[in-house]
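Chemist: Dropping a structure here in structure tokens format, bear with me for questions.
Rule-based calculations on the coordinates, nothing more; no lab input. Treat the numbers as computed from the prediction; the structure is a model and nothing was measured. For neighbour counting, all protein chains shown are included, and Cβ atoms are generated from backbone atoms with ideal geometry for every residue, glycine included.
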Ligand SMILES: NC(=O)c1ccc[n+]([C@@H]2O[C@H](COP(=O)([O-])OP(=O)(O)OC[C@H]3O[C@@H](n4cnc5c(N)ncnc54)[C@H](OP(=O)(O)O)[C@@H]3O)[C@@H](O)[C@H]2O)c1
């Protein structure tokens, strides 16, 4: 069961699981779309959630993800630190194996390639809430003696052809106009297809503990623009590097290092960091379809 089946990440996990022949249920907040494979779940309703009896594994992917909302709306903290971990505890109590999805931002971005078990240093409210949510989930697993049925899987920035800045850049290049990527913004992007497949593999292996899924390189948006343009046959003169500082744009999460170390994850699962070239492959397939 994928909790948050309509999310960007959740949709890719449901697809990957079904491609592999698993039966995958998705949770939704939209009552009118409930059917045999779609289960109603809204963290903000008082009813305690129980998974259908046939469910053996749950991915807890849903979250309050908007950075601004996490800064300003107290309900975001309640969802991320209280309601979602409570649902994880309930799923563990029912005997399920659970993947709880978290983020590279819990490490703050000042240390290159943090190990799966490194200490956190969250900067922004979203990162603090995900970090606190991890702690609450772990405490529940300890209380229930269920650590061996829980993994916390942190992800770096996830892309497909609809994620900014790709659509804007491609549209500008089609018009023969230049784009202005930021040299001072660094990420270690991965494709949504990679994430779906990798999470399916981690689930099949019933792993526990902390796990990471990351791009293999920390790249600036300028380097990313060059990689994408070169693959699409776009003239590099249509890339005019700038910086967020020069443009006067405030960026909430601006890590020096974004990539996550995957030593433990690779040892246990065989899943390796996604090279930038493979991400570009997936983006090009996506753009062409
Ligand atoms: N996207 C990234 O680049 C990225 C990077 C690192 C980590 N992550 C993590 O990956 C996970 C998914 O991210 P995403 O970008 O795919 O998220 P998203 O597209 O913003 O989707 C969030 C999901 O959470 C659900 N949700 C929010 N509040 C809820 C509530 N009160 N009750 C039930 N469901 C609720 C939403 O339901 P509705 O569909 O009904 O709105 C939606 O399905 C998150 O845990 C995030 O922290 C994402």
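Chemist: What ranking do 244, 164, 191 get, fewest neighbouring Cβ atoms within 10 angstrom at the top? Walk me through the numbers on the way to the answer.
Modeler: Working: 244 15, 164 8, 191 24.
Ascending Cβ contact count within 10 Å gives the list 164, 244, 191.
Chemist: Using the 10 angstrom Cβ neighbour count as an exposure proxy, how do 126, 67, 57 rank, fewest first?
Modeler: Working: 126 26, 67 16, 57 19.
Exposure proxy ranking, most exposed first: 67, 57, 126.
Chemist: If neighbour count is taken as other Cβ atoms inside 10 Å, put 84, 280 in order from fewest to most. Working shown, then result.
Modeler: On the way: 84 26, 280 19.
Exposure proxy ranking, most exposed first: 280, 84.
Chemist: While we're looking at this one, here's another question. In degrees between 0 and 90, to the nearest 10, how far off the longest principal axis of the chain does helix 192-204 point, with axes built from Cα atoms?
Modeler: Result, in degrees: 30.
Chemist: Right, next: Helix-derived [θ] at 222 nm for the chain: sum -39500 (n - 2.57) over DSSP H runs of at least 4, divide by residue count, nearest 500?
Modeler: Working: 11 runs with 110 residues, N = 289.
So the calculated ellipticity at 222 nm is -11000 deg cm²/dmol.
Chemist: Most mobile of 199, 144, 207 per a Gaussian network model of the chain (Cα springs, under 10 Å)?
Modeler: 144
Chemist: Moving on to the next point. For Cα pairs less than 8 Å apart in space and 6+ apart in sequence, what is the mean separation divided by the residue count of region 1-97, i.e. the relative contact order in percent?
Modeler: Computed over region 1-97, the figure is 29 percent.
Chemist: Does anyone have the angle between helix 125-144 and the longest principal axis of the chain? Alpha-carbon axes, 0 to 90°, nearest 10?
Modeler: Helix 125-144 sits roughly 30 degrees off the main axis of the chain.
Chemist: So how tilted is helix 276-288 from the main axis of the chain? Cα-based, degrees 0 to 90, rounded to 10.
Modeler: The angle comes out at about 90 degrees.
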